1. Would you mind finding the longest exposed-site-free stretch of the chain, with exposed GluC sites (Glu not before Pro) meaning DSSP loop and at most 15 other Cβ atoms within 10 Å?
2. For segment 243-254, what does the Karplus curve 6.51 cos²θ - 1.76 cosθ + 1.60, with θ = phi - 60°, yield as ³J(HN,Hα) per residue in whole Hz, taken in order and with x for Gly and Pro?
3. Compute the length gained on full extension between L246 and V416: take 0.36 nm times their separation in residues and subtract their Cα-Cα distance, giving the result in nm to one decimal.
4. In terms of modelled amide H atoms, which long-range or inter-chain residues lie less than 5 Å from the amide H of G331?
5. Would you kindly compute the Cα radius of gyration of segment 30-154 and its largest Cα-Cα separation (Dmax), both in Å?
6. Tell me the label only: which of (i) -0.40, -0.81, -1.16; (ii) -0.64, -0.89, -1.04; (iii) -0.34, -0.73, -1.08 is log10 I(q)/I(0) by the Debye sum over Cα atoms at q = 0.07, 0.10, 0.12 Å⁻¹ as calculated from this structure?
7. Please give the Cα centre distance for segment 240-285 versus segment 434-460, rounded to the nearest Å.
8. For a label point 7 Å from the Cα of V238 along Cα→C-beta, name the residues of segment 110-147 whose backbone N is under 18 Å from it.
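Bear in mind that the values in this text are calculations on the coordinates, not laboratory data. The model shown is predicted, which means the values in this text are computed figures rather than measured ones. For neighbour counting, all protein chains shown are included, and Cβ atoms are generated from backbone atoms with ideal geometry for every residue, glycine included.
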Amino acid sequence: MRTALRITILATLAAGCGESSVTDVGEGPYALTVRLLDPATGVELTAAAGTFRWSQGLADGPLVEVEYHATRATPSAALTLRVVGATFAADAVPEDPWGEAPTADSDEATIPLDVIDPERRSVRLGLAPPSRPGTAVVTAILGTTTVSTTVDFTRAEIALAAPAAAVADGHTETPITVTGLSGQVVPLETSLGHFVAPGLDVTASVTLRPASPDTPADGTATIGLVSETPGTAVVSVVGSAAAWALVVFDRVRLTIGAPDPVAFEPGRIVHDVCVAANTDVGEILLVGRALDAEVLDLDPLPVLPADGGALPPGCPDGSFAGHALFRWAAGGSTDVLTATWNDPDFLVTAGASARVTGEVFSGYDASVDFTELGFDDPYPLLIEAHLDYLDAGALTGGPAGGVPLTFLVISSYGAVELAADGATGPGGLATAVYEVAADDALQVFLQPEGWSTVFVGSYP
């Protein structure tokens, strides 16, 4: 038990100044009244059906107010306060270094009273709610006078709400919403994953705050829950079987969409390949196996969150949280693409593979213009060849720029190549200059790299 607490209460005389001498205390001159007060307002609690009730989850318990007086002036005495089923608040009773620590369900405080006379005076001590619901008995003792009162520490109704499904990516927070009487400190625990505040742990405590100034008694709080492991998490209030919520954590899932042709490259078509995921964090690496196809993005790409819940056109149908868009080039090849996802801390990984087939590369079309650069025999002839991509499915062809090629010219009199481009320019133009004899006839071909010969035209 705690030893005596020195609280000096100065005597207030009813009238005048003077000295008082008491020679005979007598039997039972003391009168005590014990009240329970709201610690926030100081208003006396009202008993419901003859019982005082207080929420066990509130941070502070009710104040115990003991009013005392005597029928006559008496010598100094000690007022003893005892509680069973709770303890006094730590800041209400200073610790005695030589006293015993209070047990979990009982406590005692001794208050010396310097002045006890007919004037009514009072002392107050705060109660600390117990860890579990139950009834606490508070007893005040002064001399032979004893007065007791009880307070039921009850568990206020608490409700938990959470999304039914979440993703086990180790980073996406699933909100756990707690509602109940404002001011309560609610301890939570989870069977899977961990809470993100104040620390990464399977237990946490939240304080319910008023959700609206208009309803100060209605409290709410939200805390995030994350998991690296798929499974079902049971989130509950510690010590309560009535308040709980289930969250099913799904593993990270990737879906590789069908290639969408978007551009031409020499001998092949560039496709967009969308990899959709049920998470919007981390990064994805895409690799292929075919020798005649290539993933052009060699480094991992970050997962981009869905825009308003929707992914760009060309992505897989369904509900996804994020995506990464890769470029894959092929000439109609079938490839096996493998996507690998990693969380930002590289603690969780996931993967998926899919067999895909690209749009078939249709080849080239060409045209030519000839310009005589002189009148001698032989004379120089400028050949301007225009190379275009042919339509491929829904992809419209156009100028084939940057295509490595070779001019092939068949001449009746042995025309000589003076100069020639080794690749088309941005507009698909490639030029060559040949020395041509009078009355010569030319057949002009282009040989694009990696493709069959394309007939361009005849001269004259």
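1. Working: sites that count: E19, E27, E95, E100, E119, E157, E173, E449.
Segment 174-448 is the longest.
2. With coefficients 6.51, -1.76 and 1.60, one gets 10, 7, 8, 10, 10, 8, 8, 8, 5, 5, 10, 10 Hz.
3. Result: 52.9 nm gained on full extension.
4. Amide H to amide H, under 5 Å and 5 or more residues apart or across chains, G331 pairs with I269.
5. 14.5, 43
6. After the calculation, the listed value that fits is (ii).
7. One Cα centre to the other: 50 Å.
8. 128-134
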